[in-house]
Amino acid sequence: MVTTAEDDGFAAIWPRLLTRRNLLHTISLGAGAAAVGSSGLLLSGCTAEAPPQAGNSSSGTLTVSLFNAFPSLDPLAGQFEATQSIANLWSERLYRVDPFPPRAQLSRELAKGMPLETSPGVYRVRLEENRKFHNGIDLDASDVVHTLNRIKDPAENIDLARFFELFEQVRAVGRYEVEFKLRVPISLMVERLSAFPVLPKSVPSEQLKLRPIGSGPYRVTSAVSEKSVRLEKFEEYKGRRNQSYEVLDISIVEDGNARISGLRTAKFDVIEQVPPAAYQALKGDDGVKEAAVDSYRSTTLIFNCGKPPFNDARMRRAVCYALDRDAITRTSFFGLAQPCWGGWIPEEHPEYVQPEVVYKFSPTRARQLIREAGYGSDPVPIDFLIFNESYVISQQPIIEQNLRDVGFLPNMVPGGLGLYARVPEGRFGALLGYSDASTGSPDVDFLLRFHFYGPLPRQFAHWDSPALTRIETLLDEAIEMNNGTQRRERWAEAQSIVQNEVPIAALHRVKQLTAWRSELSGFRALPGPGFLPDGVSG
């Protein structure tokens with residue numbers, strides 16, 4: 001529970017998923033001291049921005065190629081990867097999770113200090129008083145109130161709403177002070193307040209789609225949906241992030257070979273999502289640097305739990321045992337991924353718990369489960385949708401053969417975003433895609449709640465069962481607890497249920513592959529989608 005005074009020092013998404021409204025491509029308690037927050041994130045007196053660079057006086061343009069298209073730049077309209085990546089450039093949050101590995105710190109951004117708990121479940125946050133939006137209007141408490149009320153408005157149908165169900169009321173108690181009234185005190189207050197950018201009440205949400213206004217170091221000057229964004233340095237930016245480039249020129253290029261060609265010909269300074277097949281070859285290029293960074297991005301298998309055969313958890317488990325993930329690691333990822341044997345939470349995460357069930361490759365166990373589920377000797381037909389991103393679609397031959405070997409008759413259906421229209425309608429058996437919930441926050445509650453709470457598992461996995469209700473209860477109980485041991489016990493039980501029921505399975509954790517011109521000084525690759533120009537020059 002956060003109870004420190006406001007002047008104490010401190011520090012601190014399913015990208016390609018379809019909702020009924022959106023496709024988601026996709027967030028010291030004393031000077032010199034440090035403390036571990038309730039979710040395992042480190043609270044320190046330092047900020048997470050890159051350090052200033054000597055001679056950091058570049059005034060040119062940084063050209064970047066991103067992979068994922070964006071239908072909108074409004075960061076609340078959906079957890080699109082490109083949208084969230086670009087929003088990190090033009091917006092600010094109350095608190096900011098360190099974007100660089102190991103993502104273990106939180107820092108102040110718009111908040112002046114830690115939340116002050118004035119009474120049980122009531123918190124106040126003071127704001128910095130020198131921040132302006134790109135339209136010249138001062139940022140104040142009413143903008144925070146506006147943003148959170150928009151998130152909570154049922155008519156807006158915003159994905160982040162399920163993370164703020166305990167927030168009963170938000171109000172301004174002064175021009176630069178915000179009060180949050182919760183139904184009960186929670187243990188992840190700072191983490192939740194780091195999950196959304198503060199948007200101006202003076203700008204209608206419709207304008208945010210292509211001409212967003214924020215208080216970040218860059219302002220959007222032009223954008224073409226799905227294609228490109230141009231940002232220019234905001235001269236009145238007063239935050240702690242160190243920027244040198246006058247212009248950021250971002251292009252969306254979905255073809256991996258085209259991104260690599262653009263880097264080699266100096267059309268782009270930075271590219272994300274280097275195809276695994278090309279990564280080793282790129283390492284030999286003069287003038288190019290690259291990095292393979294551990295990430296929260298996972299290939300994910302969504303089961304249709306609402307109809308046979310996957311309404312039976314034994315059949316879902318059979319698929320998990322049937323897939324030869326080691327072979328897929330070698331052939332599709334060229335070693336640049338690791339199987340998620342233990343479930344959704346990475347083993348290095350402070351809240352990871354070793355599950356009782358580990359889905360190591362076992363065709364024998366898969367066939368046994370199929371028999372136990374009552375299926376005879378005839379192959380079990382399934383419609384298996386597979387997204388056509390290179391490292392996903394390349395898995396098709398192995399997966400198809402694996403499924404046939406244990407007794408399934410898969411109808412493999414490759415395709416693009418149009419595949420996702422079949423998911424809410426239930427016109428599929430299983431769908432292989434990928435996700436990264438950490439675009440919101442890497443804490444365990446966010447990672448689990450993102451996939452296994454509220455409408456998402458019900459609408460997309462068609463999973464509405466007592467097990468899901470139990471997960472939701474566990475997560476709600478955990479977030480209210482001060483006792484760390486009891487909180488971890490509930491998170492552990494939730495992880496165990498997810499691993500046993502596997503309505504949505506995490507198959508591989510994929511390294512984030514980024515490349516850039518070696519002339520860039522101070523560039524650091526992120527563990528997730530996008531890039532940051534903080535402290536970069538050249």
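Could you sort 420-430, 275-285, 140-150 so that the peptide with the highest average Cβ count within 10 Å comes first and the rest follow in order?
Working: 420-430: 17.6, 275-285: 15.7, 140-150: 20.2.
The most tightly packed comes first, giving 140-150, 420-430, 275-285.
Within the range 341-395, which trypsin sites (Lys or Arg not before Pro) sit in a loop by DSSP and count at most 15 neighbouring Cβ atoms inside 10 Å? Can you show the working numbers first?
Values: sites: Lys360, Arg365, Arg367, Arg371; in loops: Lys360.
Of the trypsin sites (Lys or Arg not before Pro), the ones in loops of the range 341-395 whose Cβ has at most 15 other Cβ atoms within 10 Å are Lys360.
Contact order normalised by length for the range 323-362, with contacts defined as Cα pairs under 8 Å and 6 or more residues apart; what percent is it?
Once divided by the residue count of the range 323-362, the mean separation gives 36 percent.
Between (1) 0.96; (2) 1.06; (3) 0.99, which entry matches Rg/Rh (Cα atoms, Kirkwood Rh) as derived from the coordinates of this structure?
Only one listed value fits the structure, namely (1).
Among Asp443, Asp476, Asp153, Asp159, what is the fewest-to-most ranking by other Cβ atoms within 10 Å?
Details: Asp443 29, Asp476 17, Asp153 11, Asp159 24.
By the 10 Å Cβ count, ascending, the order reads Asp153, Asp476, Asp159, Asp443.
Long-range amide H contacts for Gly335: which residues qualify at under 5 Å (H placed 1.01 Å from N, peptide plane, sequence gap of 5 or more or a different chain)?
Counting only residues 5 or more places away or on other chains, the set is Arg330.
Counting pairs of alpha carbon atoms under 8 Å apart in space and at least six apart in sequence, what relative contact order in percent does the range 298-510 give?
Once divided by the residue count of the range 298-510, the mean separation gives 36 percent.
Among the lysines, which have Cα under 24 Å from the Cα of Lys289 when same-chain residues fewer than 8 positions away are ignored?
Within the straight-line cut-off, Lys289 pairs with Lys267, Lys511.
For the range 298-510, compute Rg over Rh where Rg is the Cα radius of gyration and Rh is the Kirkwood radius from the inverse mean 1/r over Cα pairs.
Using Cα coordinates only, the ratio equals 0.95.
Please report the net charge: other residues with Cβ closer than 14 Å to the Cβ of Gly335, K and R +1, D and E -1.
+3
Provide Ile382, Ile398 in ascending order of the number of other Cβ atoms located within 10 Å of each residue's Cβ, fewest first. Intermediate results must be reported in sequence, preceding the final value.
On the way: Ile382 21, Ile398 17.
Ranking Ile382, Ile398 by Cβ neighbours within 10 Å, fewest first, gives Ile398, Ile382.
Using only DSSP helix segments of four residues or longer, with each worth -39500 (n - 2.57), what per-residue ellipticity at 222 nm results for the chain after dividing by its residue count and rounding to 500?
-7000 deg cm²/dmol
None of the figures in this text is laboratory data; all of them are computed from the coordinates on show. Computed from a predicted model, the values in this text were never measured in an experiment. As a convention, Cβ positions derive from the backbone with ideal geometry for all residues, glycine included, and neighbour counts pool all protein chains shown.
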